[in-house]
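Worksheet: one structure, shown below.
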Amino acid sequence: MNYIKLSMENIVGGVDNNLINKVEAQVTSTPFVSMNPVSVWRRALAWFVDFILWFGVLGYIFALATNQTTSNGFVLQGPSAVLLIFVGFMYYFLTEAIWGSTLGKAIFKIKVLREDGQKIGFKRSFIRNLSRVIDMLPLFYIVGLISIANSNKKQRVGDKLAHTIVVKTGF
């Protein structure tokens, strides 16, 4: 599917310095994306959806497979806990590198882009997601939340290190 992005600019020109409207049309294969940073709340809701999917659903499947369920749910220990953390990292890393968004981000119509508006690719996604370790400190993404609150571009530490921004998609 192709999308058309129109832009209009008023310029002064011509022999008589008349106001001229300059209209440009650009055909692109990607939908329009606003470069306005997304609020921390929308990001948090997207993260919560991903967390439920990754930790709740996948964690429970891992627990069932390794007999680590309890009467109250599950407790993962040892290799299965490490594997769940690795799978979670790979989920964020690959989905953001390939599509720019996770399932949670897609539901809330947000995506991760480079600061220049291009796809983040594998290198930036790796840096961004490895940096979650810093953003999660000391608990519940406190460092990341403080970073977002004090950034004009609403960037957490991982976004700053990878030169990425989280923006709203669609019209």
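Some values worked out for this structure:
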item: Percent RCO, i.e. relative contact order, over segment 28-110, from Cα pairs under 8 Å lying at least 6 residues apart; result: 39
item: Candidate residues 111, 154: accessible-area rank, largest first, probe 1.4 Å; result: 154, 111
item: Neighbourhood charge, 10 Å Cβ-Cβ cut-off, centred on residue 158 and excluding it, Lys, Arg +1 and Asp, Glu -1; result: +3
item: Shape call, segment 108-150: gyration tensor on alpha carbons, a/c limit 1.5; result: prolate
item: Restraint check, 119/168; 105/168; 109/154; 109/160, Cα-Cα greater than 19 Å; result: 109/160
item: Length gained when the stretch residue 61-residue 49 is fully extended (0.36 nm per residue, less Cα-Cα span); result: 2.6 nm
item: Cα gyration tensor, segment 32-171 - rounded (a/c under 1.5), prolate or oblate; result: prolate
item: Rounded if a/c under 1.5, otherwise prolate or oblate - segment 65-134, Cα gyration tensor axes; result: prolate
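The values are calculated or read from the model by the stated rules, or taken from the named source; none is laboratory data. Keep in mind it's a predicted model, so treat the numbers as computed, not measured. Virtual Cβ from ideal backbone geometry, glycine too; neighbours counted across all protein chains shown. Surface areas here come from the heavy atoms of the whole protein model, side chains and all, with no ligands, DNA or RNA. Shrake-Rupley method; radii C 1.70, N 1.55, O 1.52, S 1.80 Å.
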